[in-house]
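Scroll down for the structure; my scribbles are underneath it.
The values are calculated or read from the model by the stated rules, or taken from the named source; none is laboratory data. Every value quoted in this text rests on a predicted model; they were computed, and no experiment measured them. Here Cβ is always computed from backbone atoms with ideal geometry, including for glycine, and neighbour counts include all displayed protein chains. The accessibility values were calculated without ligands, DNA or RNA, using every heavy atom of the protein model including side chains. Shrake-Rupley method; radii C 1.70, N 1.55, O 1.52, S 1.80 Å.
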Amino acid sequence: MFKRLREDKSLQGTVLISPTLLWMIVLLIIPLLLTLVISFGKRSADGGVIYTFSLDNYVRLSGYDTTCDGGASVCFDPIYLQILTRSLSLAFYSTVWVILLAYPLAYFIARAHPSRRNTFLFLVLIPLWTNFVIRVYAWMMLLRKEGVINSVLGWLATRLHMPFQPLEMLYTPGAVLVGMVYEFLPFMILPIFTSLEKIDTSLYEAAADLGANPIKTFLRVTLPLSMPGVVAGTILVFIPVMGTFIVSDILGGRQVILIGNLIQRQFLDARDAAFGSAASLILMIMTLVVTYFYTRKFGFGEEIVAV
């Protein structure tokens, strides 16, 4: 048997991939199938699941009340569509802001002297050593009405003899956006830095010899060759933002409800696993569709070359 294993390359591949395949089947495929089955069920009176085949949960997510027997204006409630749209919009704007902030910093680190480069990367990674929730609560101390930002602004207004009214920053969509950008910024910096670091410096010299100015060199050489990092970072940021609920729960004060909050509350508060499972699958489908079209448009970066 061992002799056959040594000689048969396909059998070697099967043996090597078997542990990972088994792991994926047990911890990914089976839970997904169970979620799919439950999503077609109904909530029982005691909070359990009645296994049946019904599209009521998906119809409910579309905005129609399946228990309503009135007119269309009464039966249609767009609240869940608004939550889905808000989640997609927030994920989009968070990703855009993260790219705009991460790219210059990654570029600076990649062009820094090798002796200082590791120090800068170390500083980028330090926040990840702290618990995710603690970092979100730290933003509460900064953004609340009596927080650090309002205190500093109030002090400046006093010194300049100007009237000052504390800003209402906490428990707003803006606070949630700031929290998302802060939490996921390192996940964009590192892939972009990796792509920028791999660029051969001789390409910059060649561009200069051909008469390209710094702006043209960036647009024709640096940006195209760093796109693999941008694409990878976008996926690493967009997908978690779509599903997270901690940031919106804390900085939004349970007022800025995203699809992640909806799913969490259905499982923990409403004890409606069937509706929560349907919302989870819709979230997964939305994320896959957006990621698919994004990668179809930009690729994964491998096919992008300087021209």
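For the range 139-183, give me the residue count where each residue is assigned to a loop (DSSP other than H, G, I, E, B), among the hydrophobic types (A, V, I, L, M, F, W, C) and closer than 29 Å to residue 102 by Cα.
Of the residues in the range 139-183, 3 are assigned to a loop (DSSP other than H, G, I, E, B), among the hydrophobic types (A, V, I, L, M, F, W, C) and closer than 29 Å to residue 102 by Cα.
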task: Kindly indicate which of 183, 197 is charged (D, E, K, R), buried (at least 19 other Cβ atoms within 10 Å of the Cβ) and either within 30 Å of residue 89 (Cβ to Cβ) or touching a residue at least 12 places away in the same chain (Cβ under 8 Å) (or both).
output: 183
message: Every residue in the range 251-280 that is part of a loop (DSSP other than H, G, I, E, B) and either among the basic types (Lys, Arg) or open to solvent by 30 Å² or more (accessible area, probe 1.4 Å) (or both), please.
response: 254, 255, 257, 269, 270, 271
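Residues in the range 92-114 that are open to solvent by 40 Å² or more (accessible area, probe 1.4 Å) and either touching a Gly at 6+ places or on another chain (Cβ under 7 Å) or within 30 Å of residue 293 (Cα to Cα) (or both): how many?
10
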field: Answer residue from the range 287-307, given it is open to solvent by 40 Å² or more (accessible area, probe 1.4 Å) and at pLDDT 80 or above and is farthest from residue 239 (Cα to Cα) among those
entry: 296
message: Scan the range 115-125 and tell me whether some residue there is under 24 Å from residue 231 (Cβ atoms), basic (Lys, Arg), without any contact (Cβ under 8 Å) to a residue 60 or more places away in the chain and open to solvent by less than 60 Å² (accessible area, probe 1.4 Å).
response: yes
statement: The one condition residue 284 fails out of (1) modelled with pLDDT of 90 or more; (2) buried (at least 18 other Cβ atoms within 10 Å of the Cβ) is (2)
- line: Log entry, pairs with first residue in the range 17-36 being under 19 Å from residue 51 (Cα atoms), second being in a helix (DSSP H, G or I) and open to solvent by less than 90 Å² (accessible area, probe 1.4 Å), beta carbons closer than 8 Å, six or more apart or on different chains, reads 35/277; 35/280; 35/281; 36/277; 36/281
message: Six or more apart or on different chains, Cβ atoms under 7 Å: show the pairs whose first residue is in the range 255-283 and within 18 Å of residue 238 (Cβ to Cβ) and whose second is among the charged types (D, E, K, R) and assigned to a helix (DSSP H, G or I).
response: 258/86; 261/249
task: Please work out which residue is most open to solvent (accessible area, probe 1.4 Å), limiting yourself to the range 17-54 and to residues that are modelled with pLDDT under 90 and of a type in the set (Gly, Ala, Ser).
output: 45
- prompt: Which one is surrounded by the most Cβ atoms within 10 Å (Cβ to Cβ), of the residues in the range 200-250 that are of a type in the set (Asp, Glu) and assigned to a helix (DSSP H, G or I)?
  reply: 249
- prompt: Restricting the search to the range 231-285, which residues are in contact with a Gly (Cβ under 7 Å, 6 or more places away or on another chain) and within 28 Å of residue 54 (Cα to Cα)?
  reply: 243, 244, 245, 260, 263, 266, 267, 271, 274, 283
